[in-house]
Amino acid sequence: MQGLSEMIQAFHLEQRARGVSLHTARAQMGDLEKLLTHATAERWDSWEVQPRTLRRFALELGERGLDPASQARVLSTARAFFRWLFETQRILGNPATGLRNPKQAQKLPAFLTEEESRALLELPPAVDFPSARLHCLLEFLYASGLRVSELTGLDLQDVLREERTLQVLGKGHKERLVPFHEAAGGILDLYLAYRGAFLVEHGLPPTAALFLNQRGGRLTPTSVRTFLGKALEEVALRARISPHALRHSFATHLLNRGMDLRAIQELLGHASLSTTQRYTHLNLEQLAKTYEAAHPRAKKK
């Protein structure tokens, strides 16, 4: 079995040489360890196996209790590994060509109700730089529906205050303009005042980044998630709500109030309308509940 293990190591080294991140390479090695364990137990002599032999490995992943998402990740790594074996002429054919991922349940995105959103945003008045920053972060996550990385990536020049618009650099380096309401603008003005005073007080140099950490550098998405977690605890809202839930809440509430789906697509920066259409499921759920509660013939006896 040493030969099987050596080929996995060779794959790992080539992936690193091609610039694959250490995190990704480690994840791939973990996936291939599962494949090697299976191959050892099944007494494979080489990686030259039949497609049906490899399908038994896929079935075993489910039998071992791995969730569909984890199975899909392992199988994706296995496909990449066998493709590499074939392309480097270590095997004569690629048995993983027809290897399919298990079907995954479509999860609707988590979101807050309008009442929960109001409770989260009704924080005590800002009295210093950290509290003003938290107000501004939460308000803009909900007011503009930005991804956390988009929000922390904003520079001062990206804020068009008079037009109440943000110039956002989204996925695929695609730029879009996203509006914000006047109340959010007022919260932004207050934050900028505290931001300027913070830099002067600590003798920090001017910086283009809109949202700063305590050292005057750009705030990270991880820090925003930490801030939101603490804010949720303080207002006793549902656990396991991420900053992305405010983006989902933004889209869901606009849809529920009648905004056109394509307009929401533009605001969110989705390349495909099908990505935005998942919010219609949430809308239909709400419609169904309202219908069941309101229709005379729908009421249960």
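Values in this text are rule-based calculations from the coordinates and carry no lab data. Because the structure is predicted, anything quoted here is derived from the model rather than measured. Neighbour counts run over all protein chains shown; Cβ positions are idealised from the backbone, glycine included.
Here the stretch 2-87 is assigned +1 on the Cβ of each Lys and Arg and -1 on the Cβ of each Asp and Glu. Its dipole about the Cα centre then comes out at about 220 debye. Taking the stretch 76-181 on its own, what percent of its Cα-Cα pair distances exceed 18 Å? The calculated P(r) of the stretch 76-181 puts 67 percent of pairs beyond 18 Å.
What's the angle, to the nearest 10 degrees (0 to 90), between helix 243-256's Cα axis and the longest principal axis of the chain? The angle comes out at about 70 degrees.
Each 10 Å bin from zero up to the one holding the largest Cα-Cα distance in the stretch 153-250 carries the following percent of pairs: 13, 37, 40, 10. Within the stretch 171-205, whose backbone N sits under 20 Å from a point 7 Å along Cα→Cβ of Leu156? Counting backbone N atoms under 20 Å from the label point, the list is 185-205.
For the pair the stretch 84-101 and the stretch 175-228, the centres of their Cα atoms are 50 angstrom apart.
The eigenvalues of the Cα gyration tensor, multiplied by 5 and square-rooted, give the chain an equivalent ellipsoid with semi-axes of 45, 29, 17 Å from largest to smallest. Computed from Cα atoms alone, the Kirkwood hydrodynamic radius reported for the stretch 2-87 is 13.3 Å.
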